[in-house]
Amino acid sequence: MYPDPLFSIFGVEVYAYGVCMAVGIILCFIFLLWTFSFKNFNEKCTDVMLFMGIIATALGILSAMLFQSVYNYIDTGKWSFGAMTFLGGLIGGVGFYLIFYFAYTRLISPRTKIKWLQNDMNATLADAVPFIPIGITIAHAFGRLGCTFAGCCYGVETDAWYGIYFARAGYTAVPTQLFECIFLVLLTIIMALLYFKFHFNCNFGVYCIAYGVWRFILEFWRDDNRGSFIAGLTPSQFWCIIMVLLGIGYFFAYKYIFKKHMKHPELQPPVDPKKAQKVKENGEAE
């Protein structure tokens, strides 16, 4: 494919992988920003959730590197930092986001007198979870396209018509990263239709199960060694099993827990910020 630099800026080489990754993340946040507006999330809710998302994404990238470093150490006995694994990044990103969200809503905002830290959100995380996976698959699809250009995450050797020569592998291989990209695009479309057309609120469960099953199967065609810490399973296959179980559990959690915490901002009448502030000031004055 194209593992060489596309160009350089002030001596810094820019690769297709990095460009695809950056475009995917930007499009993810553009989608989330549009959906927050479309679904009537207020400004405070949008600012808080997007800010937490940006920080969690950065920490998720570090987590992706850390997970792969651990896999490398288990496999070779040596630490190497730089390569990434998506599932490690997903675990870290989601984990940090949940920590930030619950710290803000349960610990900080109820106890603070600082105005800009107070919780004036008209929605909860339960309202955003149904469409957040759509943003994740958008970013992930572009990331896998970047993998195709970089030549990493390649599959087993093949002489089939769909095979692609990868310099890193040194042979024509199954383009597993391209297959995953196509799958993620289709999953994005399906989840978008479920949410926007059929008002389906369990996309997180669909995402975990669908991607978990697909990635578990695809691992049998992957040929880039990522280490192993459980006999008979690659690290990704282990986490895929956890994802599927989590996805199944989410359907029950949504029915009995999360559904009760949704505020449905899309059903609330639009609020004029100036009028809302005036009413709040009058209430405090009384």
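The values are calculated or read from the model by the stated rules, or taken from the named source; none is laboratory data. Because the structure is predicted, anything quoted here is derived from the model rather than measured. Ideal geometry is used to build each Cβ from the backbone, glycine not excepted, and the neighbour counts take in all protein chains shown. Please note that ligands, DNA and RNA were not included when accessible areas were found on the heavy atoms of the full protein model with its side chains. Shrake-Rupley method; radii C 1.70, N 1.55, O 1.52, S 1.80 Å.
So, in the range 100-113, of the ones that are out of contact with any helix residue (DSSP H, G or I) (no Cβ under 9 Å at 6 or more places or on another chain) and not basic (Lys, Arg), which residue ends up nearest to Met49 (Cα to Cα)? Before you say what the answer is, go through the steps one by one.
Initial filter on the range 100-113 (out of contact with any helix residue (DSSP H, G or I) (no Cβ under 9 Å at 6 or more places or on another chain)): 103, 106-107, 110-113.
In the following step, the residues that additionally are not basic (Lys, Arg) were identified as 103, 107, 110, 112.
Details: Ala103: 13, Leu107: 16, Pro110: 17, Thr112: 19 Å.
This residue is Ala103.
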### Task
Find the residue count for the range 228-264, including only residues that are open to solvent by less than 50 Å² (accessible area, probe 1.4 Å) and within 23 Å of the chain's Cα centre (by Cα).
13
### Query
Is there a residue being open to solvent by 40 Å² or more (accessible area, probe 1.4 Å), of a type outside the set (Phe, Trp, Tyr), farther than 26 Å from Ile61 by Cα and part of a loop (DSSP other than H, G, I, E, B) anywhere in the range 122-144?
no
### Message
Against the definition (closer than 27 Å to Val185 by Cβ and crowded, with 18+ Cβ neighbours inside 10 Å), how does Cys28 come out, yes or no?
### Response
yes
### Query
What residue, of Phe67, Phe86, Phe10, is over 30 Å from Ile242 (Cβ atoms) and either over 13 Å from the mean Cα position of the chain (by Cα) or not hydroxyl-bearing (Ser, Thr, Tyr) (or both)?
Phe10
### Query
Restricted to the range 43-75, and to residues that are crowded, with 19+ Cβ neighbours inside 10 Å and among the small types (Gly, Ala, Ser), which residue is farthest from Phe86 (Cα to Cα)?
Gly53
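Would you tally the residues in the range 191-214 being in a helix (DSSP H, G or I) and within 19 Å of Asp127 (Cα to Cα)?
The total comes to 12.
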### Summary
Checked pairs for the range 227-254, first hydroxyl-bearing (Ser, Thr, Tyr), second open to solvent by less than 20 Å² (accessible area, probe 1.4 Å) and modelled with pLDDT of 95 or more, C-beta under 7 Å and 6 or more apart or across chains, list as Ser236/Arg215; Tyr250/Cys202; Tyr250/Gly205; Tyr250/Cys208; Tyr254/Cys202
### Selected residue [of a type in the set (Val, Ile, Thr), within 12 Å of the chain's Cα centre (by Cα) and farther than 27 Å from Trp116 by Cβ] from Ile91, Ile74
Ile91
### Query
If Met191 passes every condition in (1) over 24 Å from Ala83 (Cβ atoms); (2) surrounded by fewer than 21 Cβ atoms within 10 Å (Cβ to Cβ); (3) touching a residue at least 24 places away in the same chain (Cβ under 8 Å) but one, which one does it miss?
(2)
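Rundown of residues vs (1) in contact with a Pro (Cβ under 8 Å, 6 or more places away or on another chain); (2) modelled with pLDDT under 95, yes/no style:
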site: Ala167; (1), (2): yes, yes
site: Gly170; (1), (2): no, yes
site: Tyr195; (1), (2): yes, no
site: Asn201; (1), (2): yes, no
site: Val206; (1), (2): yes, no
site: Ile217; (1), (2): no, no
site: Phe220; (1), (2): no, yes
site: Gly232; (1), (2): no, yes
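Search the range 253-283 for residues being assigned to a loop (DSSP other than H, G, I, E, B) and modelled with pLDDT under 65, and hand back the single one that is nearest to Met121 (Cα to Cα).
Val271
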### Task
Count, please, the residues in the range 1-25 that happen to be touching a Phe, Trp or Tyr at 6+ places or on another chain (Cβ under 7 Å) and open to solvent by 90 Å² or more (accessible area, probe 1.4 Å).
2
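Return the total of residues in the range 76-96 being closer than 25 Å to Gly212 by Cα and exposed (fewer than 13 other Cβ atoms within 10 Å of the Cβ).
Start the filter on the range 76-96 by keeping residues that are closer than 25 Å to Gly212 by Cα, which leaves 82-96.
Next, only the ones that are exposed (fewer than 13 other Cβ atoms within 10 Å of the Cβ) stay: 82.
Matching residues across the range 76-96 total 1.
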### Query
Taking the range 76-92 on its own, how many of its residues are within 15 Å of Thr234 (Cβ to Cβ) and in a helix (DSSP H, G or I)?
3
### Query
Identify, please: which residue in the range 105-121 is open to solvent by less than 50 Å² (accessible area, probe 1.4 Å) and not in a loop (DSSP other than H, G, I, E, B) and is, among those, modelled with the highest pLDDT?
Thr105
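When you scan the range 97-104, do you find a residue that is open to solvent by less than 20 Å² (accessible area, probe 1.4 Å), farther than 30 Å from Gly151 by Cα and either in contact with a Lys or Arg (Cβ under 9 Å, 6 or more places away or on another chain) or free of Cβ contacts under 8 Å to residues at least 24 places away in the same chain (or both), even just one?
So far as the range 97-104 goes, no, none of its residues is open to solvent by less than 20 Å² (accessible area, probe 1.4 Å), farther than 30 Å from Gly151 by Cα and either in contact with a Lys or Arg (Cβ under 9 Å, 6 or more places away or on another chain) or free of Cβ contacts under 8 Å to residues at least 24 places away in the same chain (or both).
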